[in-house]
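First the structure, in the form of structure tokens, and then the observations on it.
Readers should treat all values here as calculations from the given coordinates under stated rules, not as data from a laboratory. Only a predicted model underlies this, so the values are computations on that prediction, with no experimental measurement involved. Heads up, the Cβs are rebuilt from the backbone with ideal geometry, glycines too, and the neighbour counts pull from every protein chain shown.
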Amino acid sequence: MKYKIVTAFDENFLQHSTINLLNEFKNNWDSSLEFHCYYHDLDLSNYSLPKSPNIHYHNLMEIEDYPKFLKAFAKHDVFHLQV
């Protein structure tokens, strides 16, 4: 059976916790596991992230349905609520 682990992060999460998780994954986890990282609101070229054949980075803004998703579920977005 093939397992995939999925996470998502923005710049704040990357700086404060995700970078540690990525390094832990690369250095200590079984290489048969795939790790898919979806990111938003940051430029990955500003960072030196772990590279490995089983770590995959995906820009959410490049996923066709992501802007539609944001619009459809905006009222549930606790990070960008208008008060």
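A compact table of results
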item: Set LYS2/LYS51; LYS26/LYS68; LYS51/LYS75 screened for pairs whose C-alpha atoms are more than 29 Å apart; result: LYS26/LYS68; LYS51/LYS75
item: Choice from ILE55, ILE19, ILE63 with maximal GNM fluctuation in the chain (Cα, 10 Å cutoff); result: ILE63
item: Sorted peptide list for 1-7, 36-42, criterion being average Cβ within 10 angstrom, highest first; result: 36-42, 1-7
item: Residue-averaged [θ]222 nm for the chain, counting only DSSP H segments that reach four residues, each worth -39500 (n - 2.57); result: -5500 deg cm²/dmol
item: Assigned charges on the beta-carbon of Lys, Arg, Asp, Glu; the chain dipole about Cα centre (debye); result: 200 debye
item: Binned Cα-Cα distance frequencies in the chain - 5 Å width, integer %; result: 3, 12, 22, 22, 17, 13, 8, 3, 1, 0
